[in-house]
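The values are calculated or read from the model by the stated rules, or taken from the named source; none is laboratory data. Values in this document were obtained by computation on a predicted structure and should not be read as measured data. Positions of Cβ are backbone-derived with ideal geometry, glycine not excepted, and every protein chain shown enters the neighbour counts. Just so you know, the surface numbers come from the protein's heavy atoms only, side chains and all, with ligands and any DNA or RNA stripped out. Shrake-Rupley method; radii C 1.70, N 1.55, O 1.52, S 1.80 Å.
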Amino acid sequence: MAARLNLDGEEINHLKVCMIGAGGFIGSHLCEKLMWETEHTVLAIDVYSDKIQHLLEPGNPWSKRIEFHKVNIKHDSRLEGLIKLSDVVVNLAAICTPADYNTRPLDTIYSNFIDAIPVVRYCTDNNKRLIHFSTCEVYGKTIGSFLPQDSPLLKDPAYYLLKEDQSPCIFGPIEKQRWSYACAKQLIERLIYAEGAENDLQFTIVRPFNWIGPRMDFIPGVDGPSEGVPRVLACFSTNLLKGEPLKLVDGGKSQRTFVYIKDAIEAVLLMIENPDRANSHIFNVGNPENEVTVKELALLMTEIYCKVSGELKPEIPTVDVSSKEFYGEGYDDSDKRIPDMTIIKRQLGWNPKTSLYDLLESTLTYQHTTYSRAVKQMISKSHTS
Ligand code: NAD
Ligand code: UDP
């Protein structure tokens, strides 16, 4: 492989990347990128490896460059040793499905704050660079959400655009336990920032804005618990695979911007390979062009799923469900999430490329190919039992 150059035209050295949470959705795509397109080595840490099993099979050309370590970072003394062996640490480990934030707030806070503290500490103590995954949810609600619904100010980006260095973080009251995740992530961001300021930790913080694509979460009853509630892509995919209406929480009026996982992973690779441009920065990583309401997302996914699967358009594509019924007590929602892209464009020259239609078409083709047979079997089993 010819030497690869970074954004400043310097040769990129081979790196040993300690990736914590490597067996999850983002981790699996980052491992693929590093194995297929670079010469870097990965120490992959997770409690699960199913989503990266295809990379771990012996005999692959990259076999010597990836090692899986089944480690639970809550209580495993091997963690510091693995960090010491690496050049850069990428921390993805977290509980990060909204259905858990209000129903398992303690696990959520421990996972996103307490369990991340030793990782930060070991990076500071051993002088290792840390790329830590936070979330766009640290912004919480927009300032605009407090304006009357007919206010002309709602059209002014000052009231909704989310900027890393300017926007406030606005959460609901404590009894709305939805915000346990955002609050834990905010505090770990502040801890990392303070380690940078007081102890010279070299860090980058990533705020993903709804990254979606193949291998995200699970299909309940097929490769995850039957009663589990994954994130919206997997919820709607499950409804489509089962031929049932998509459930719109509180009418599906919240807005989101979705970015294709493969575009977003390009941004992470740029951060890994351009430390001088990425250190000490917080980056929004999303696609501001791909904004929809959740209801629009549901209708678009239905249209595209029918196209890729050959199924007929359903007569009743969606049903409304209250958030209390769907998520339980203590749920609350972010109203709108549009990332400001100034910092990532300036530092890394990164721009997402894939339209919402195209990313949903490739993702739903994957969902249909991977799951439709298993879902049909699950349905026929439940009819016969
Ligand atoms: P994911 O749940 O698919 O992956 C997280 C992985 O971390 C899982 O494989 C899990 O087994 C592992 N993990 C959790 N606790 C662990 C522990 N104690 N020890 C070892 N491994 C552990 O989630 P994802 O979508 O890949 O998200 C990765 C990161 O990005 C998370 O920090 C999440 O908060 C953040 N994030 C993602 C999105 C998105 O759009 N996907 C949005 C906002 C933030
Ligand atoms: N949502 C929905 N139906 C579902 C799952 C989710 O209407 O079956 C909504 C949810 O209330 C939120 C949005 O879709 O407004 C995105 O949810 P997701 O779980 O992906 O996470 P979030 O973007 O809130 O972090």
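Part of a strand (DSSP E or B) and either touching a Ser or Thr at 6+ places or on another chain (Cβ under 7 Å) or open to solvent by 10 Å² or more (accessible area, probe 1.4 Å) (or both), is that true of Arg190? Write out each step before concluding.
Working: part of a strand (DSSP E or B): no; either touching a Ser or Thr at 6+ places or on another chain (Cβ under 7 Å) or open to solvent by 10 Å² or more (accessible area, probe 1.4 Å) (or both): yes.
Against the criterion (part of a strand (DSSP E or B) and either touching a Ser or Thr at 6+ places or on another chain (Cβ under 7 Å) or open to solvent by 10 Å² or more (accessible area, probe 1.4 Å) (or both)), Arg190 does not qualify.
If you take the residues in region 233-248 that are open to solvent by less than 30 Å² (accessible area, probe 1.4 Å) and more than 20 Å from the chain's Cα centre (by Cα), which one is nearest to ligand 2 (Cβ to nearest atom)?
As a first pass, look at region 233-248 and keep what is open to solvent by less than 30 Å² (accessible area, probe 1.4 Å): 233-241, 246, 248.
From what's left, more than 20 Å from the chain's Cα centre (by Cα): 239-241, 246, 248.
Values: Asn239: 7, Leu240: 11, Leu241: 13, Leu246: 7, Leu248: 5 Å.
For region 233-248, the residue satisfying everything is Leu248.
Report the residue count in region 81-104 for those that are more than 9 Å from ligand 1 (Cβ to nearest atom) and out of contact with any Lys or Arg (no Cβ under 9 Å at 6 or more places or on another chain).
Here is the first cut: in region 81-104, the ones more than 9 Å from ligand 1 (Cβ to nearest atom) are 81-90, 98-104.
Within this subset, residues satisfying the condition of being out of contact with any Lys or Arg (no Cβ under 9 Å at 6 or more places or on another chain) are 81-82, 90, 100, 103-104.
The qualifying residues number 6.
With Ala298, Ala278 as the choices, which residue is open to solvent by less than 40 Å² (accessible area, probe 1.4 Å), of a type in the set (A, V, I, L, M, F, W, C) and within 23 Å of Leu360 (Cα to Cα)? Spell out the reasoning first.
Working: Ala278 fails: within 23 Å of Leu360 (Cα to Cα).
None of the other options fit; the residue is Ala298.
Which condition from (1) assigned to a helix (DSSP H, G or I); (2) under 20 Å from the mean Cα position of the chain (by Cα) is the one that Ala197 breaks?
Of everything listed in (1) assigned to a helix (DSSP H, G or I); (2) under 20 Å from the mean Cα position of the chain (by Cα), Ala197 misses just condition (2).
List the residue pairs whose Cβ atoms are under 6 Å apart, where the first residue sits in region 362-384 and is part of a helix (DSSP H, G or I), the second is at pLDDT below 95, and the two are 6 or more positions apart or on different chains.
none
More than 23 Å from Glu189 (Cβ to Cβ), open to solvent by 70 Å² or more (accessible area, probe 1.4 Å), in contact with a Leu (Cβ under 9 Å, 6 or more places away or on another chain) and in a loop (DSSP other than H, G, I, E, B): which single residue out of Glu329, Glu289 fits that description?
Details: Glu329 fails: in contact with a Leu (Cβ under 9 Å, 6 or more places away or on another chain).
Just one listed residue meets the conditions, Glu289.
Any residue that is surrounded by 21 or more Cβ atoms within 10 Å (Cβ to Cβ), touching a residue at least 24 places away in the same chain (Cβ under 8 Å), in a helix (DSSP H, G or I) and within 16 Å of ligand 1 (Cβ to nearest atom) - is there at least one of those in region 210-226?
Within region 210-226, not a single residue is surrounded by 21 or more Cβ atoms within 10 Å (Cβ to Cβ), touching a residue at least 24 places away in the same chain (Cβ under 8 Å), in a helix (DSSP H, G or I) and within 16 Å of ligand 1 (Cβ to nearest atom).
Would you check which residues across region 1-53 are surrounded by 13 or more Cβ atoms within 10 Å (Cβ to Cβ) and part of a strand (DSSP E or B) and list them?
Lys16, Val17, Cys18, Met19, Ile20, Thr41, Val42, Leu43, Ala44, Ile45, Asp46
If you go through region 129-142 one residue at a time, do you hit one that is within 16 Å of ligand 1 (Cβ to nearest atom) and free of Cβ contacts under 8 Å to residues at least 60 places away in the same chain?
There is no residue in region 129-142 that is within 16 Å of ligand 1 (Cβ to nearest atom) and free of Cβ contacts under 8 Å to residues at least 60 places away in the same chain.
Out of curiosity, is Leu233 part of a loop (DSSP other than H, G, I, E, B) and not small (Gly, Ala, Ser)? Quick ask: steps written out before the conclusion?
Details: part of a loop (DSSP other than H, G, I, E, B): no; not small (Gly, Ala, Ser): yes.
No, not satisfied.
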